[in-house]
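For reference, the structure discussed in these notes is given below.
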C-alpha cells in the first residue's frame, strides 16, 4: 500500500507541476481541471509506454514516474527561481467562487448529500470486492494479464467483442492493482472522475456565462444524478467518459476566449478526447464535435487562420495518436477493422468488416427504438437505480426541471446571442442525437448540461420568488433521489457485512445473492484451485476475474476449441492444471466428459465444473494423489 | 432612482473622477475610481450582481480571471462618437453629438418624457438636448453641444443620462427583444416543466405513479433493514439462512435453488438456540413449491404457497435436533414479500430477538 501511495503522490506531483506550468492556463479552475486531467493522462502514458516495450513491472512504473516528477518538479522550481512572480500571482480562491452559494439555504443539505455519496462510495469500495458485469468480464482481467506478463498484448478471450474494445480504462485499473495485493482500490477508479465531472460542470457553466451561485447547480445536477452515484461504485467507464466530455468542452471554450495566447487549452482538450478514445470508440463522435468547435474561425485574418489551423489540428490529433491509437491499430491488424466488432459502411458499401452494428451491440431491450428508450428513461419506470440501468438514472430533477431548463436556456441564449452557452448546449444535444442508442449511461453528461441550463434560467428568467421556488423544488427532488440511490435489491447491510468480514477473515464467501460474489465463493471453496502455481483454462463464463484467485496469482486463460486434439495439445503445452467449465452445454464440457482418463472431475458447484488435467506436471501429479481424499465433489 | 441593467455601465463610464462635472468620455477607464460622494450610489448595484443578479442583468458575471468577454458588444458605441477634445474651444466640455432631430421625439418613452418635462428649468442643457430638438440649433448638432452652463447636480445628471440612454432606438429595440426573449424562454420553461413533471409523477387515474410510491416504500424498508438484520432473496428458488437471535446476526445463508432435500438437511443441522429462515420465490416453479410445502408441513407450515408468489418462514429449534417450531410465516401471491420481525420478539424456545429482523424477497 505504501508503494501505491508513493506512486500516486508522484503522479499527483507531476500533474500539479504540469498544470502549473502549462502555457495559457489562467485561474484556479483552469489549473484544477488541468490537474485532474493530467493524472489519468500521465498514468495512461507511462503504463502504455512501459507495456508496449515489455517493461511493465510495478518497480519500473514507480521509477519512471519518479523521474517524470523529478524532471517536471525541477523545471518548475527552476522557472520559479527565474521568475518568482509568475507562480505566486495565481492563487486559488475558492472562497470567492462559492461566496454567493453558501448563503443559500439549499446549498448545505445538497453538499452534505453529495459528501455522503462520496463516503458511501469509499465505504463500499473498501467493503466489497469488485463487482459488475463489465468490470469482472473485460475491464479488470486484461490489467491482471498484462501485469502477469509484464507487457501489453492482445489477449485472446472467449468474449471477443469485449476484448476488442479500447482498453484505456484497463490501464488505469492496472495502476490500482500494480502496487497492492488488494483489489478494492479498483472500486474507487471512477471516484476521481466523479469529482472531476463536478468541477468541469461548474467550470463549463462559468465559461458559458452563468453566475457563480447558479453555476453550482451544474455540479449538483451531475454529482447527485443517481446513475453517477451508482456507477462511482464500480469500475465502469461511463462516469469517466462524461467527465472527460465536459472537460474537453470546457477547454475548447477556453480556447475560444484565449486563442490569441496560443493553443494551450486545445492541447488539454486533445488530451481529454484522447483519453476518451482510449476508453470507448464512440468518443469519435465527441472528437468530431470538438474538432468542429476547435477549428472554428475565430479571427478575421484569413492567412493567419489558415496558419493556425495546422496547430489546432495537431493539438487535437497528437494526444490521440499517442494515447489511443494503439487500440485501433491492434484491431486493424487483428480484425482488419479498427473499431471491430462494429461494421463500418458508407452508403451501403462496407469499408471495414465486422459482425455487429452499434445498435445490435448495445441494445439491451430488443424491439425498443432509441426514442422509446429515451422516453422510458425520462419516466424512470424502474425497480431500483442501478449502475447500468437501461432506463432511468438521471433522477427526477432532470425530467421535471432539467429538460425545461435546457429548452429555456437555448431559447434565451440564442435570442440574447450568448454564443458560448448556445454552443455548449447545442453540442451536448447534438452529441445526444448522434448517439445511436439513447442509453442513459452513454449520455451521462446530459445532467450536467441540464444543471448548467437550470442555473442560467434561474439567473436570467425568473424573479426572486420564482428562483426560490425553483431552487427549493430542485433541492427537494435531488434529495429525494439521493434517498433512493443506495437501495440495492441484492445488497443489504447484512450482505455488505458478510462479504466484507468473510474476505477479511479469509473465510469463503457465501454463495448468496450478492451480484457475482458467488464466483468468488466458488473459487474460494474449491480446494487447491486458487494457488500461485495454478494454471487454469476456462470456458463458458464471462466473469474471468474471480477465477484468478484472491491474490490474482493464478494464471487464467482461454483456449479456443478449434478441434479436440489441437485444444488438448495446447492445454498440455501451457501446463494447465485445471479446466473450469462454466456452462454445461459447451463443447469443452462434452470433450471433458468423453475423456475421463485425462479430465478428472475435481469439483462441481453449479454452474461450474472443475476438471483436473492428468499430465506430467509436478503440481498436477501432486493433486492427482489427492483426488481420492478431497478433490471430487458429488453432483 | 433605480438604475439596472447595462445602462448602469453606460452611466458609470461617463464619470470623470478627476473633475466636478459630468461628461462623456471614451471607454476608458471602464470602472474608474468613484468620487467620494458617489461611492454609495454604486455599491448596491455592484453587490447585487454577486448574490442575486437582477433578472435584467445584461452580461453574466465574467469568470474571475476574465476582464471582459470578447463577444460582449460595445454598448456605448454610437454614443461615443465624440469629436476630438482638441477641436472644442477652451473652457467648454465636449459632449456626444446630438442625434438627428427627427429621431428623438417619437423615441422617448412616455415615462422618460414626462420626467423631462417635470425637470426644473435650471436643469443642465445636457439633459435637455436630446429631448427638445428645437432647443438645439442644427449647427450644434453637427459639432456637438458646447456646455456653458454650470455643473449640474449629480442626481439630476444621473437621471438625465439614464433617460437619454434609454431613449435611443437601439436600446429600446434591445429592451423589447430581450423582454420578448425572456418571456418566450420563461413560458417554454414553465410549460415543459409542467408537462415533464406530469409525465414523471402522475399515473393512471391522475394519481401518483405506483412505481414512484413502490420504490420509495421499498427503499424505506431497506433503510429500516439497515438498522437490523436483513436477508434478501431475489432469485427464483429456495434459500435457507441461520439466524442467531441473541446476537442478532446471520451466520449462514445458502441458496438451495430447487433442492428441497438440501433445505431439509439444512433445517436438520440447525444448531440449538438458533433460528432458521426459509424464503421461497416461486415464479412458475410449481413442482418445487409443492414439494417444499409438503416437506415443511411436519414443522407446522400450513400455508399454501402460490405458484407465482413468495413465502418466508422463521423456525426455531428445540433442544432436540431436527425438532423445529414455526415462529412466523408469511405468504404473498406476488413475487415480492417483506417480512419484518421487531426487536425483542420471542421464539418458541424462549429466546428473544436482539435486533429487528427483516426479510425482502423480490424478483
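Values quoted throughout were computed directly from the atomic coordinates according to the rules given, and no laboratory measurement underlies them. The structure presented is a predicted model; accordingly, all values stated were derived computationally and were not measured. Reconstructed Cβ throughout: ideal geometry from the backbone, glycine too, with neighbour counts over all protein chains shown.
Mind checking the alpha-carbon convex hull of chain A and giving the volume per residue in Å³?
Per-residue hull volume (Cα only) is 174 Å³.
For residue A:344 and residue A:296 in the same chain, what is the full-extension length gain: residue separation times 0.36 nm, less their Cα-Cα distance, in nm?
On the way: separation 48, 0.36 × 48 = 17.28 nm, distance 2.79 nm.
Difference between extended and current length: 14.5 nm.
For peptide A:408-414, what's the mean number of Cβ atoms from other chains within 10 Å of each residue's Cβ?
Average neighbour count from other chains, rounded to a whole number: 5.
Taking Cα centroids, how far is the range A:169-217 from the range B:319-363 in Å?
Measuring centre to centre over Cα atoms gives 44 Å.
Other chains near A:456-467: what is the mean number of their Cβ atoms within 10 Å of each residue's Cβ?
Mean partner-chain Cβ count within 10 Å for A:456-467: 5.
In degrees from 0 to 90, rounded to the nearest 10, what is the angle of the helix A:2-21 Cα long axis to the longest principal axis of chain A?
30
Report the FRET efficiency, 1/(1 + (r/R0)^6), for residue A:148 and residue A:572, where r is their Cβ-Cβ distance and R0 is 22 Å, rounded to 0.05.
0.60
In Å and whole numbers, how far do the C-alpha atoms of the range A:181-340 stretch along each principal axis, longest first?
Reported extents, whole Å, longest axis first: 56, 52, 25.
Using R₀ = 35 Å, calculate the FRET efficiency as 1/(1 + (r/R₀)^6) where r is the Cβ-Cβ separation of residue A:160 and residue A:123; round to 0.05.
Plugging the Cβ-Cβ distance into 1/(1 + (r/R0)^6) gives 0.45.
Say a paramagnetic label sat at a point 7 Å from the Cα of residue A:426, along Cα to Cβ; which residues of the range A:261-297 have their backbone N under 13 Å from it?
Under 13 Å, as judged by backbone N against the label point of residue A:426, lie A:292-294, A:296-297 of the range A:261-297.
Let me have the relative contact order for the range A:349-476, percent, based on Cα pairs under 8 Å that are six or more residues apart.
29
How would you rank A:532-543, A:52-63, highest first, on the average number of other Cβ atoms within 10 Å across their residues?
Highest-to-lowest ranking by the protection proxy: A:532-543, A:52-63.
Mind checking the full-extension length gain between residue B:249 and residue B:352? Use 0.36 nm per residue of separation minus the Cα-Cα distance, one decimal, nm.
35.8 nm
Using a Förster radius of 25 Å, what is the FRET efficiency between residue A:593 and residue B:294 based on their Cβ-Cβ separation? Nearest 0.05, please.
The formula returns an efficiency of 0.15 here.
Under a plain spin-label model, where a point goes 7 Å from the Cα along Cα-to-Cβ, how far apart in nm are residue A:553 and residue A:468?
Between residue A:553 and residue A:468, the simple spin-label model gives 6.6 nm.
Treating the angle as unsigned and between 0 and 90°, give the value, to the nearest 10°, between the Cα long axis of helix A:325-335 and the longest Cα principal axis of chain A.
Between the helix axis and the principal axis of chain A, the angle is about 40 degrees.
Contact order normalised by length for chain A, with contacts defined as Cα pairs under 8 Å and 6 or more residues apart; what percent is it?
14
Across the range A:25-65, what fraction of all alpha-carbon pairs, as a whole percent, falls in each successive 5 Å bin from zero upward?
6, 22, 23, 15, 12, 10, 8, 3, 0
If you take each beta carbon of peptide A:20-28 and count the beta carbons of other chains within 10 angstrom, what is the mean?
Counting Cβ atoms of other protein chains within 10 Å of each residue's Cβ and averaging gives 1.
Tell me the label-point distance for the pair residue A:336, residue B:320, using the 7 Å Cα-to-Cβ offset, in nm and rounded to one decimal.
7.7
What relative contact order, as a whole-number percentage, does the range A:173-303 give when Cα pairs under 8 Å and 6 or more residues apart are counted? Walk me through the numbers on the way to the answer.
Working: 146 pairs, mean separation 29.9, N = 131.
Worked out over the range A:173-303, it gives 23 percent.
Taking the Cα atoms only, what angle lies between the long axis of helix A:264-279 and the longest principal axis of chain A, rounded to 10 degrees?
Relative to chain A, helix A:264-279 is tipped by roughly 30 degrees.
Which order, highest average first, do A:577-589, A:37-49 follow once you tally other Cβ atoms within 10 Å for each residue and take the mean per peptide?
Top of the packing list down: A:37-49, A:577-589.
Report the label-to-label distance for residue B:199 and residue B:220 in nanometres (one decimal), using points 7 Å from each Cα along the Cα→Cβ vector.
2.8
Classify the range A:199-253 as rounded, prolate or oblate, taking a ≥ b ≥ c as the square roots of the eigenvalues of its Cα gyration tensor: rounded when a/c is under 1.5, otherwise prolate if a/b is larger than b/c and oblate if not.
Values: a/c = 4.23, a/b = 1.55, b/c = 2.72.
In terms of gyration-tensor shape, oblate.
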